[in-house]
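Below is one structure; the comments refer to it alone.
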Amino acid sequence: MKKLVFATHNPDKLKEINQMMPSGFQLLSLEDIGCGGKIPETADTLEGNARIKAAHVWENYGYDCFADDTGLEVTALQGAPGVYSARYAGPGANASSNMKKLLTELQTHKDRSGRFRTVIALVINGQFHFFQGVAQGDIICEPKGSGGFGYDPIFLPAGFKKTFAELPLEVKNQISHRGIAFKKLSAYLHKMKGQ
Ligand code: IMP
């Protein structure tokens, strides 16, 4: 079994990706390898932050590893909040204050389109590979729904009449930025295994 670390402290993400892992890989969490604490995300791009996290594990613990980073990129705001999505409303920001700030910023804009983008950095046998998933949609004017997290209540995915927070999680995972990026990673690992 090839050991592969997923650089996250989020048990939901770990569970989700574990279900998609090809046989022959043993998925380990940061806790499993004794890596406590948060790895500082100091880059100004999603690619940069994903790479920092994967490289941290590779360089300090010697494991092959992958890490993800996600942002909501709003067209009228030139891609903001983007890589700063988690802390858009400033120190102590939470989902509700972040959404409030975004809705205020968008008040005067007609174009409400945006996209969630996830980047996964994989470092395996010393080589880096990147996978991207995008979910296109619109930012609605008021939060709707109680599922999901982050900006889900104000994000209407293209082709749907319900926000990410109103859609069942299985549906969101099928069409989401993260789901798409993880499927690409999983397909790559499958292919690698066969070589
Ligand atoms: P992370 O890189 O997965 O930690 O995501 C960074 C931030 O982007 C989160 O704190 C959320 O604010 C936002 N975000 C990421 N994924 C989603 C999602 O699927 N729905 C809504 N917000 C998300």
Around T8: net Lys/Arg minus Asp/Glu count, Cβ-Cβ under 14 Å: -2
The chain: relative contact order as a whole-number percent, Cα under 8 Å and 6+ apart: 17 percent
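Magnitude of the Cβ-charge dipole of the chain, K/R +1 and D/E -1, about the Cα centre, nearest 20 debye? Let's see the in-between values first.
Working: 23 positive and 19 negative charges, 76 e Å.
Magnitude of the dipole: close to 360 debye.
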Shape metrics for the range 101-195, restricted to C-alpha atoms - Rg then Dmax, Å: 16.1, 54
Loop-located chymotrypsin sites (Phe, Trp or Tyr not before Pro) in the range 126-174, at most 13 other Cβ atoms within 10 Å (DSSP): F149
For the chain, the spread of Cα positions along each principal axis, largest first, Å: 52, 33, 25
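Before I look further, what does the range 122-183 give for accessible area per residue, probe 1.4 Å, in whole square angstrom? Let's see the in-between values first.
Working: 3080 Å² over 62 residues.
That works out to 50 Å² for each residue.
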Trypsin sites (Lys or Arg not before Pro) within the range 99-135: DSSP coil, no more than 13 neighbouring Cβ in 10 Å: K110
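With a 1.4 Å probe and all protein chains left in place, how much of the accessible area of the chain comes from carbon and sulfur atoms, in whole percent?
On the way: 5140 of 9980 Å².
On the chain, the fraction of accessible area on carbon and sulfur atoms equals 52 percent.
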Mean separation of Cα contacts under 8 Å, 6 or more apart, over the residue count of the range 58-110: relative contact order %: 21 percent
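Given a 1.4 Å probe, how much area per residue of the range 7-86 is accessible, in Å²?
Details: 3780 Å² over 80 residues.
Per residue, the range 7-86 has an accessible area of 47 Å².
The values are calculated or read from the model by the stated rules, or taken from the named source; none is laboratory data. Worth saying up front: this structure is predicted, and the values here are computed from it rather than measured. Every residue, glycine among them, receives a Cβ derived from its backbone with ideal geometry; neighbour counts consider all protein chains shown. Areas reflect the complete protein model, heavy atoms only, side chains present, ligands, DNA and RNA absent. Shrake-Rupley method; radii C 1.70, N 1.55, O 1.52, S 1.80 Å.
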